Amino acid sequence: MLCDECSSNAACVHMIKILNGVKTEKHLCEICATSAGEACFLTGIHFSVNDLVKAIFTQELNGLSQTELSCPNCGMVFSDFSRSGKIGCNVCYGIFHEQLEPILRRVHGISNHNGKIPRRAEKKTQLRLEVKRLREDLEHCVEREDYESAAQIRDGIRGLEKQLEIEGVETHGK
């Protein structure tokens with residue numbers, strides 16, 4: 001494939017940009033990529049995805065305080081994570097939450113896992129998630145003593161729960 005800019009050199013840089021929902025692809029040679037200011041490349045230097053992720057973790061870890069927490073379950077300290085890139089056990093996520101959150105947010109864009117929804121259960125799962133969100137809103141309204149809004153949210157929850165019952169009957173009936 002030839003470079004999109006000069007059309008003479010082989011394209012070795014393949015860039016995909018998504019800006020405001022618009023996807024743009026460019027295939028550039030090393031010279032055009034460097035001169036366009038899109039990327040800075042030094043010939044002869046290669047790096048892997050592992051090197052990139054390690055650099056991100058190292059950058060985050062350098063800003064942390066020197067006080068080391070340790071996991072009471074497995075004994076892991078956070079600096080062990082910076083060396084291995086692996087968490088010791090499930091308890092570590094709770095212990096190192098403050099340190100892990102910015103790293104997960106930087107790497108994945110979010111810090112919580114929502115998972116995937118099977119297509120056959122998508123509508124039902126979406127309804128359950130909406131009920132869960134509304135219950136949280138209901139609690140906040142009650143805490144603020146905004147009982148009028150709380151009553152509207154309660155009615156909305158009841159309506160969604162009826163839809164869930166109907167979905168359950170349709171799913172089991174098929």
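How many of the residues making up the stretch 1-22 are modelled with pLDDT of 85 or more and charged (D, E, K, R)? Result for the stretch 1-22: 2. When the stretch 1-35 is filtered for residues that are out of contact with any Lys or Arg (no Cβ under 7 Å at 6 or more places or on another chain) and assigned to a loop (DSSP other than H, G, I, E, B), the ones remaining, listed by number, are Met1, Cys3, Glu5, Cys6, Ser7, Ser8, Asn9, Ala11, Cys12, Asn20, Gly21, Cys29.
When every residue of the stretch 47-57 is checked against the conditions, at least one turns out to be modelled with pLDDT under 70, in a loop (DSSP other than H, G, I, E, B) and not polar (S, T, N, Q).
Of the residues in the stretch 95-111, at least one is under 27 Å from Leu129 (Cα atoms), modelled with pLDDT under 85 and of a type in the set (S, T, N, Q). Checking the structure you have, find out if any residue of the stretch 62-73 is at pLDDT 85 or above and either open to solvent by less than 50 Å² (accessible area, probe 1.4 Å) or at positive phi (or both). Yes, that holds for at least one residue. For the stretch 109-123, the set of residues classified as farther than 27 Å from His97 by Cα and open to solvent by less than 50 Å² (accessible area, probe 1.4 Å) consists of Ala121 only.
From the set of residues in the stretch 89-105 that are assigned to a helix (DSSP H, G or I) and more than 18 Å from the chain's Cα centre (by Cα), which is surrounded by the fewest Cβ atoms within 10 Å (Cβ to Cβ)? For the stretch 89-105, the residue satisfying everything is Asn90.
Table: residues versus (1) within 20 Å of the chain's Cα centre (by Cα); (2) aliphatic (A, V, I, L, M); (3) open to solvent by 70 Å² or more (accessible area, probe 1.4 Å).
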position: Ser82; (1), (2), (3): yes, no, no
position: Ile87; (1), (2), (3): yes, yes, no
position: Val107; (1), (2), (3): yes, yes, no
position: Val131; (1), (2), (3): no, yes, no
position: Leu138; (1), (2), (3): no, yes, no
position: Ser149; (1), (2), (3): no, no, no
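The values are calculated or read from the model by the stated rules, or taken from the named source; none is laboratory data. Note that this is a predicted model, so its numbers are computed, not measured. Every residue, glycine as well, gets a Cβ built from its backbone with ideal geometry; the counts of neighbours run over all protein chains shown. Areas reflect the complete protein model, heavy atoms only, side chains present, ligands, DNA and RNA absent. Shrake-Rupley method; radii C 1.70, N 1.55, O 1.52, S 1.80 Å.
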